[in-house]
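Report on one structure; see the data block that follows.
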Amino acid sequence: MYETDTHNSYLRVLSENGALGLLGFLLFTLGSTLRAVFGLRLPGHYGSWCAVALAVLAGTLVESLVIDTIHWRHFFLFLAIPIGVWMHAREAS
């Protein structure tokens, strides 16, 4: 579509998927990040997993302003970890 690619992940999502795609991406990343924040209070190793995921997510989301991180596979893995930990902790209790 464009001669050059943008290096900002948020602008890239906006240009490739439109406003609705950007809204979905932002809601998913915000939901996963909030799940990691609230997961810090979970007992035992659950909180540790959420702390690791939150640290990686915080760095990657800030880095996304400068570098296109949409195609980094581990980014989506760390978006999924807090949700999986929350689901596992909920079933274990």
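Brief remarks on what is shown
- In order along region 51-64, the phi-based Karplus estimate (6.51 cos²θ - 1.76 cosθ + 1.60, θ = phi - 60°) of 3J(HN,Hα) comes to 5, 5, 5, 5, 5, 5, 5, 4, x, 5, 5, 6, 5, 5 Hz; Gly and Pro are listed as x.
- The chain gives an Rg/Rh value of 1.06, both radii derived from C-alpha positions and Rh following Kirkwood.
- With contacts taken as Cα pairs under 8 Å and at least 6 residues apart, the chain reaches a relative contact order of 36 percent.
- For region 17-88, the share of accessible area belonging to carbon and sulfur comes to 77 percent (1.4 Å probe, ligands and nucleic acids excluded).
- 1.4 Å probe accessible area per residue over region 13-93, in Å²: 62 Å²
- Ordering of 25-36, 78-89 by burial proxy (mean other Cβ atoms within 10 Å per residue, highest first): 78-89, 25-36
The values are calculated or read from the model by the stated rules, or taken from the named source; none is laboratory data. Bear in mind that the values here come from a model prediction, so they are computed numbers and not experimental data. A quick note on method: Cβ atoms are made from the backbone with ideal geometry, for glycine too, and the neighbour counts reach across all protein chains shown. Surface accessibility is based on the protein's heavy atoms, side chains included, excluding ligands, DNA and RNA. Shrake-Rupley method; radii C 1.70, N 1.55, O 1.52, S 1.80 Å.
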